[in-house]
Amino acid sequence: MKVIDQGKGPAILLLHAFPLNRTMWEPQLDVLSSKFRVIAPDLRGFGGSQPPSPWTMAEMADDLSALLDDLEVKTCAVAGVSMGGYIALPFWSAYPERVSKLVLANTRARADNDTEKAARNEMIAAIQQSGSGTLPDRMLPRLLRPNAPMDVVQTVRKMIEGVDTAAATYAVMAMRDRVDFSTTVHRITCPTMVVTGKDDVIIRTEDSRAMADSIPGCRFVEVPESGHLSNLENPNEFNRVLMDFLLYGGL
Ligand code: MLT
């Protein structure tokens, strides 16, 4: 696994969204690594973690546990944006003793419904027909809020353009087939924060709030001027709430 490993202190594992890679955490690196050891991998098939191969959420959780073993990290905070959150939950479920704090940003606990699964299948067919070149125009308007700053649009477009076609397909399959955690999250016992983007059209604020309400003692934060990629669209506010939670968040 290709990984950013920067800074000293308690560790935080950062899990990227689809179809991005570890560089989406660029705006967080300096701030976080001033106090923490930041570990941000390219998930299987993305960025420098080659070659792509099919995976399930549970297998990705095992990959991450093996990565932490290699890096000699016993416990860490885990923060995931969107697909990263879909992975953070099975990671917590399989390895609760490794998770000191949980940040679930622009993500949900429930599995895909039938309509969402059909949309995944349609996307897989489109990728197979046209390659991953179909992804930027399909995804950018959904990932970013209208009028997102041009430099953010360019950064995200570049990341999406670089994605491997097989990696994109396997990730869409893994998201389609992920299991439901909505009836399990009430068992989370570590401090948890749910983050939403005010203008997120993929995960609505009401859904994020409902997930937060079902997790004991959970913090809930709405990031203004942000769509689905809150860490990139409003990094100042995202970093502020993340640092506050990591330094002071308790139950
Ligand atoms: C992501 O941002 O990781 C994905 O768009 C999430 C999803 O498609 O459910």
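The values are calculated or read from the model by the stated rules, or taken from the named source; none is laboratory data. These figures come from a predicted structure and were not determined experimentally. With ideal geometry, Cβ positions are generated from the backbone for all residues, glycine too; neighbour counts draw on all protein chains shown. For accessibility, only protein heavy atoms count, side chains too; no ligands or nucleic acids. Shrake-Rupley method; radii C 1.70, N 1.55, O 1.52, S 1.80 Å.
Could you work out the longest stretch of the chain that avoids the GluC sites (Glu not before Pro) located in DSSP loops with at most 16 other Cβ atoms within 10 Å? Before the final figure, lay out each step's value.
Values: sites that count: E72, E225.
Excluding the exposed sites themselves, the longest stretch runs over 73-224.
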- Residues of region 173-251: accessible area per residue at 1.4 Å, in Å²? 44 Å²
- Item | Most mobile listed residue (S230, S53, S208) in the chain, GNM with C-alpha springs under 10 Å | S53
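Rounded to the nearest 500, what is the 222 nm mean residue ellipticity of the chain from helices alone, with -39500 (n - 2.57) per DSSP H run of 4+ residues and division by all residues?
Numbers: 10 runs with 111 residues, N = 251.
The helix contribution divided over the chain gives -13500 deg cm²/dmol.
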- Among R176, R98, R240, residue whose mean-square fluctuation peaks in a GNM of the chain (springs only between Cα atoms under 10 Å): R240
- Message: Compute, for region 185-224, the length of the dipole vector about the Cα centre, with Cβ point charges of +1 (Lys, Arg) and -1 (Asp, Glu) only. Units Debye, rounded to 20.
- Response: 180 debye
- In order over region 17-33: 3J(HN,Hα) from phi, Karplus 6.51/-1.76/1.60, θ = phi - 60°, whole Hz, x for each Gly or Pro, gives 8, 9, x, 9, 7, 4, 5, 5, 8, 3, x, 9, 4, 5, 5, 5, 6
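Where does each of 163-169, 148-154 land if you order them by average Cβ count within 10 Å, highest first?
Numbers: 163-169: 20.7, 148-154: 13.7.
Packing order, densest peptide first, comes out as 163-169, 148-154.
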- Task: Using DSSP, restrict attention to beta bridges with both residues in region 3-248 and report what percent are antiparallel, rounded to the nearest 5.
- Result: 15 percent
- Note, ³J(HN,Hα) from phi for region 227-233, Karplus 6.51, -1.76, 1.60, rounded to Hz, x at Gly and Pro: x, 7, 10, 4, 5, 9, 7
- Taking amide H positions as placed in the peptide plane 1.01 Å from N, state which residues far from K198 in sequence (5 or more) or on other chains have amide H under 5 Å from it. V223, E225, S226
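Using only Cα atoms, figure out Rg for region 3-248 and give it as a multiple of 2.2 N^0.38 Å.
Values: Rg = 16.5 Å, N = 246, 2.2 N^0.38 = 17.8 Å.
For region 3-248, the normalised Cα radius of gyration is 0.92.
Treating only the Cβ of Lys, Arg, Asp and Glu as charged (+1, +1, -1, -1), what charge dipole size does the chain show about its Cα centre? Round to the nearest 20 debye.
The calculated dipole for the chain is roughly 260 debye.
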- Within straight cross-link reach of K158, meaning Cα distance under 23 Å, which lysines are found once same-chain residues fewer than 8 apart are removed? K2
- Part-to-part distance (alpha-carbon centres) for region 162-183 and region 31-76, which is given in Å: 16 Å
- Query: Which ³J(HN,Hα) values in Hz, rounded to whole numbers, follow from the phi angles of region 81-87 under the Karplus curve 6.51 cos²θ - 1.76 cosθ + 1.60, where θ = phi - 60° and Gly and Pro get x?
  - Reply: 9, 6, 4, x, x, 4, 8
- Message: Using all alpha carbons of region 57-112, what is the percent of pairwise distances in each 10 Å bin, ordered from the shortest bin to the longest?
- Response: 26, 59, 14, 1
